[in-house]
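Student: The structure's right below; bear with me while I get my questions together.
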Amino acid sequence: MRPSFLGLEMSKRTIQLSQKALDVTGSNLSNAQTEGYTRQVVDVGSHYLNKYNYWMSKTSRMTLAGQGAKGLGVDQVRDPYIDKRYRESTPYVAEYSTKADVLKEVETVLDNITTEGLTKSLDDIKASLSTYAERPDSEELASIVRNQCYNLTNLLHSFRADLEDLKETNLESLDASIEDTNNIIDRIVNYNKSIVKEYLTMADGVPSDTFSVTGGYGPNEMLDERNLLLDELSYKGDITVYNNNDGSVRVLMGGVEIINGEKYEHLYMKSSTKIEGEFSSELLRNYAAYDAAVLRWTSGDDCVTASGELKAYTDLLNGNGVYATGYQNDSYGIPYYESTIDAFANTFANFMNEQNGAFDENGKLINPDRLLFCTREYNEGEIGYNELDMTMENIRIAESWMKDATMIGEVENKTTGLWELSLDGNHVNQMIVNINNMPLDFGGKGDYEGTVYDYLLFINNRIGQSIDYYESRYDAAYATANSLLDARDSVSGVSETEEGINMLTYQNWYNASARLMTALDDALDRLINNTGRVGL
């Protein structure tokens, strides 16, 4: 025979369970717009009580049937595979977006070199040479040629300053990203500590190699916050997340373990105390120490990520293409475009010096007084010509040309060996032809061989192609991440329609359970108060 109050106890549990289901539904609706919130559900199971007793018959066990339902716990509706895929795609979104944006700034700095910048400056020099060729004896027209070349050097100086400013800006952005990464790591570790304590309070046993609380019912809201932080961390670099038995997580970035329970590593920029000179910030000093941004974990491991915001900034700050040395890499970053403009400055200046008879076609100095371009150090007598390495920063108009503007119109008298002004302008016109057509080897590293105009087009095309590539890759990565986010939202997000249906279902469940309790109460009342009172 069943216990008298078995049905009432079952009905009470069912009412409480339906109430809790309504509570969780209300919580879901309240958090529908909460960032990172994962939809929760009450897991319901059939309640049973079995008693293994030698003296108990199979028939008598029937009295234990009909125990009703029980709440197993409040669970999160989440798909670990989608989380993994989403965190694999987000670092590419951050990387490609950052690279495209910064290269657009490089393009702006170089002022569309094939239309407004260096190309226009070369056109102005050729136009002034053409005008001067008509009157080679005019010192005024010769001065205009020199002034146009002076404008070219000033344009190169401005490129240098602007690219250095852009480099410093992105160095500061990298430093902010490093600080943000360390802050996220600290917060994840703090959540690890709190979550482990909660699991220990709720778990039936102590986590071990054979027993794990992961996957059990835990502190859902803290798990949401930690998952949100893990998503943020995935933008910084490629991460892999593993669940520990005690409820904490283990995180690898670029193959290096940076979080494991309460243990963690911080990221910093490797620096050297050997570098000397004046720097506006310690950040610039650290960068100058290796001519690159070198990132390292406090464990001593280098931070080398395959994707993410950190990779974007290090590639942009360290990428020097074929000119890469030391800690630099072969990406096309800000240093590469500095090197290409330096190569232009040095090659074009030496080409003009050769055209003016300063040295022979083998690069041997034969007449220092014929120099059109040199460096500030050479003008001030600090170095010799063989030490010249003209860049967009140090290129200058030579003192010899500053003293005599018409020097560019002179040709060598083969009989006397003296340089004399040529009144036919053929020498100047030939210089224009050579600027247009003479192939030059830029950079000395096989980066490009062609005319100065072709080289400027080459640089411009490389920037444009890089921007197009990163924008197209960003679009693809963003679409992938968004589709995965939609998939995750379809599983873990709160649907107001679905929750509304659940609310009606649980309300009907509650009403039916209450009605059952009323029926059981009536039956018990009949049993207690009316049994054996027939005829009264």
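Student: For residues in region 286-318 being of a type in the set (V, I, T) and under 25 Å from Y332 (Cα atoms), which is surrounded by the fewest Cβ atoms within 10 Å (Cβ to Cβ)?
Tutor: For region 286-318, the residue satisfying everything is V304.
Student: Another one. Before we move on, is L233 buried (at least 23 other Cβ atoms within 10 Å of the Cβ), within 22 Å of K193 (Cβ to Cβ) and at pLDDT 95 or above?
Tutor: Considered against the rule, which asks whether it is buried (at least 23 other Cβ atoms within 10 Å of the Cβ), within 22 Å of K193 (Cβ to Cβ) and at pLDDT 95 or above, L233 comes out as yes.
Student: Within region 251-276, how many residues are more than 16 Å from Y313 (Cβ to Cβ), in contact with a Lys or Arg (Cβ under 8 Å, 6 or more places away or on another chain) and of a type outside the set (S, T, Y)?
Tutor: The total comes to 6.
Student: Is there a residue being part of a helix (DSSP H, G or I), in the same structural domain as R13 (by TED's automatic domain parsing) and charged (D, E, K, R) anywhere in region 475-482?
Tutor: So far as region 475-482 goes, no, none of its residues is part of a helix (DSSP H, G or I), in the same structural domain as R13 (by TED's automatic domain parsing) and charged (D, E, K, R).
Student: Give the residue, chosen from D486, D521, that is in a helix (DSSP H, G or I) and not assigned by TED's automatic domain parsing to the domain that holds M10.
Tutor: Only one candidate qualifies: D486.
Student: Of the conditions (1) in contact (Cβ under 8 Å) with a residue 24 or more places away in the chain; (2) under 28 Å from the mean Cα position of the chain (by Cα); (3) outside any strand (DSSP E or B); (4) surrounded by 19 or more Cβ atoms within 10 Å (Cβ to Cβ), L283 fails just one. Which one is it?
Tutor: With (1) in contact (Cβ under 8 Å) with a residue 24 or more places away in the chain; (2) under 28 Å from the mean Cα position of the chain (by Cα); (3) outside any strand (DSSP E or B); (4) surrounded by 19 or more Cβ atoms within 10 Å (Cβ to Cβ) applied to L283, the lone miss is (4).
Student: Condition check: within 26 Å of L141 (Cβ to Cβ) and in the same structural domain as S339 (by TED's automatic domain parsing). Does E361 satisfy that?
Tutor: no
Student: Which ones in region 372-405 are over 28 Å from S339 (Cα atoms) and buried (at least 19 other Cβ atoms within 10 Å of the Cβ)?
Tutor: The answer is A405, and nothing else.
Student: Find the residue count for region 511-536, including only residues that are modelled with pLDDT under 80, closer than 17 Å to G7 by Cβ and β-branched (V, I, T).
Tutor: 2
Student: Look at L504 and say whether it is in a helix (DSSP H, G or I) and more than 28 Å from T34 (Cα to Cα).
Tutor: no
Student: Quick one: in region 438-474, which of the residues that are among the small types (G, A, S) and assigned by TED's automatic domain parsing to the domain that holds A349 is farthest from V322 (Cα to Cα)?
Tutor: Only one residue fits best here, namely G450.
Student: Out of the residues in region 21-48 that are more than 43 Å from the chain's Cα centre (by Cα) and surrounded by 10 or more Cβ atoms within 10 Å (Cβ to Cβ), which is modelled with the lowest pLDDT?
Tutor: Y48
Student: Identify, by number, the condition in (1) modelled with pLDDT under 90; (2) farther than 19 Å from G417 by Cα that A398 doesn't meet.
Tutor: (1)
Student: Just for region 326-361: of the residues that are of a type in the set (D, E) and in contact (Cβ under 8 Å) with a residue 24 or more places away in the chain, which one is surrounded by the fewest Cβ atoms within 10 Å (Cβ to Cβ)?
Tutor: Within region 326-361, the match that is surrounded by the fewest Cβ atoms within 10 Å (Cβ to Cβ) is E338.
Student: Out of R462, R473, R488, I need the residue that is under 22 Å from the mean Cα position of the chain (by Cα), surrounded by 14 or more Cβ atoms within 10 Å (Cβ to Cβ) and modelled with pLDDT under 95. Which one?
Tutor: Of the residues listed, the single one that is under 22 Å from the mean Cα position of the chain (by Cα), surrounded by 14 or more Cβ atoms within 10 Å (Cβ to Cβ) and modelled with pLDDT under 95 is R462.
The values are calculated or read from the model by the stated rules, or taken from the named source; none is laboratory data. Please read these numbers as outputs of a predicted model, since none were measured by experiment. Please note: Cβ atoms are built from the backbone with ideal geometry, for glycine as well, and neighbour counts cover all protein chains shown.
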